[in-house]
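What follows is calculated from the coordinates using simple rules that are stated; it is not laboratory data. This one's a predicted model, so the numbers in the text were calculated from it and none came from an experiment. Virtual Cβ from ideal backbone geometry, glycine too; neighbours counted across all protein chains shown.
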Amino acid sequence: MPFSTAVLCAAAIGMAAGFLLYRGFVFTGSQRAWHLQVRDFIIVNSAGAAFTTLVAVALNDLLTATTALNLTAIAHALGIGAGAAMNYLGHKTITFRSP
């Protein structure tokens with residue numbers, strides 16, 4: 001399997017697992033139709049990925065410009081944290097909201 005295909009398959013598997021885990025263990029009270037939840041889950045996750053990337057790149061640029069240290073891992077970790085918080089809030093208010 002080509003690398004790019006493997007990455008896309010892994011992302012799809014991760015997203016499917018994430019949806020099932022969120023739906024089954026985090027937002028168990030949502031009564032919205034599952035197909036609307038799936039659609040909104042994909043939209044929120046896509047926005048979260050973009051936000052994670054934006055925060056990580058911006059922080060990496062800022063830290064690189066203001067220090068002589070390589071703080072890429074810290075910028076990436078903070079980006080992941082910001083994206084995770086955004087995803088949770090997005091899923092709470094959009095994906096699994098009460099109708």
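Consider region 61-83 and keep the residues that are closer than 26 Å to Ile43 by Cβ and free of Cβ contacts under 8 Å to residues at least 24 places away in the same chain. The one that is surrounded by the most Cβ atoms within 10 Å (Cβ to Cβ) is Ala75.
Selection over region 22-56 of residues that are outside any helix (DSSP H, G or I), farther than 19 Å from Gly83 by Cα and not charged (D, E, K, R) gives a count of 5. Scanning region 22-42 for residues that are hydrophobic (A, V, I, L, M, F, W, C), under 15 Å from Tyr88 (Cβ atoms) and either touching a residue at least 60 places away in the same chain (Cβ under 8 Å) or surrounded by 11 or more Cβ atoms within 10 Å (Cβ to Cβ) (or both) turns up Val26, Phe27, Phe41.
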